[in-house]
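Novice: This structure is in structure tokens; I'll ask about it shortly.
The values are calculated or read from the model by the stated rules, or taken from the named source; none is laboratory data. Nothing here was measured: the structure is a model prediction, and the numbers come from that model. Every residue, glycine as well, gets a Cβ built from its backbone with ideal geometry; the counts of neighbours run over all protein chains shown. The protein model used for the area step is the full one, side chains on, heavy atoms only, and it has no ligands, DNA or RNA in it. Shrake-Rupley method; radii C 1.70, N 1.55, O 1.52, S 1.80 Å.
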Amino acid sequence: MDYEMDLEPQGPQVTVREAEPYRVDFRLSSVDLAFANSLRRAILAEVNTVALDLVEIESNTSVLPDEMLAHRLGMIPLNSKNCDSDLEYTRECDCEDHCVRCSVTLSLHTRCSQGIMPVYARDLLVQGERMNDQIGDPVITDAEGKGALICKLRKGQEIKLTCLAKKGTAKEHAKWAPTAAVGFEYDPHNNLRHVDYWYEQDAKSEWPISANAEWEPAANPDQPFDYDAEPNTFYIDVESIGNLEPDVIIQQGINVLMKKLATTISELSGEGANGHEDAEMLGAGDPDAYEPPEGIDGNLTSYGNGAASAWGASAQTPYGATPYGQSAYGF
């Protein structure tokens, strides 16, 4: 008796094409466009990292204004090892202001004695305890071991400040982004005609085919066009900024999708808490979901009257001033 074997791949297929310390390039196949794009968006905006969120400036005699200095500090990537499991959101922590379970404290104190002195990320020092031995450390990848340039000081100029690093996601602020870029391409030969190239004389010479075209054949021009064809192979290039390893970023992006799907299935099956199904479906149960500030009907919002933000920042900062009623930068 003869048996016909099904050799078609079952489920998503992944082929890692390049792997580097801060970058991974892989081919994802046997999935649809919705899944691949959802993974891309989750990687970009919903993976937890650690970034500087509050800055108290005690002294700043550099040429940079306090606001610009605080902004540059916030964009410095910090090591986020195991922050998803080890660190809590400040808005969910039981402490009054901040504690080791929800934040990491860093300090910077430097003074120029002569000439011009650059201040680098390496000058940011972690103070006190933290949840693991790497979380909160500035990411330093250059050969000189300096890290990102913060500013430059002339003789007699000084910077003295204290910072709090917290956990968050890039959809709250770009400083929590885990990636520098995520490359995403499908159908490099344009077999599905999803792009109509603009050209002056010859589209093939003016629009060179990408290197991903080597991984799949071009459509036979003599074959009739299949209007029902859909893409099922995608080329994804994830470049980390050093706060998380590329494979960890992808795994956490998949975990985000799994949690969202599990919540949706639970609510659609009626297993959610009684009386809260509709609210949960709208994202009320998601700690990252947007909640409009109070007073949306024309009164003062929670930002205008100095209350806590809709993102959950504590109303009382570690330095005794509300983050919106009075500047958290110390001026």
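Novice: If you stretched the chain out fully between ASP86 and GLU144, how much longer would it get, using 0.36 nm times the residue separation minus the C-alpha to C-alpha distance?
Specialist: Going from the current span to full extension adds 17.8 nm.
Novice: Test of understanding: what is the full-extension gain from ASP94 to ASN255, defined as 0.36 nm times their sequence separation minus their Cα-Cα distance?
Specialist: Between ASP94 and ASN255, full extension yields 55.4 nm more.
Novice: Filter the cross-link list LYS166/LYS260; LYS146/LYS259; LYS167/LYS260 down to pairs whose alpha-carbon distance in this structure exceeds 29 Å.
Specialist: Violating the 29 Å Cα-Cα cut-off are LYS146/LYS259.
Novice: With every protein chain left in place, what is the accessible area per residue of region 132-221 in square angstrom, probe 1.4 Å?
Specialist: Heavy-atom SASA per residue in region 132-221 reads 59 Å².
Novice: Here is a follow-up. Over the C-alpha atoms of region 50-173, what are the Rg and the largest Cα-to-Cα span, Dmax, in Å?
Specialist: Taking only Cα atoms of region 50-173, I get Rg and Dmax of 14.9, 47 Å.
Novice: Ordered by packing density, taken as the mean number of other Cβ atoms within 10 Å over each peptide's residues, highest first, how do 242-248, 161-167 rank?
Specialist: With the highest mean Cβ count within 10 Å placed first, the list reads 161-167, 242-248.
Novice: Stretch SER59-GLU129 to full length: gain in nm at 0.36 nm per residue minus the Cα-Cα span?
Specialist: In short, 22.7 nm is gained.
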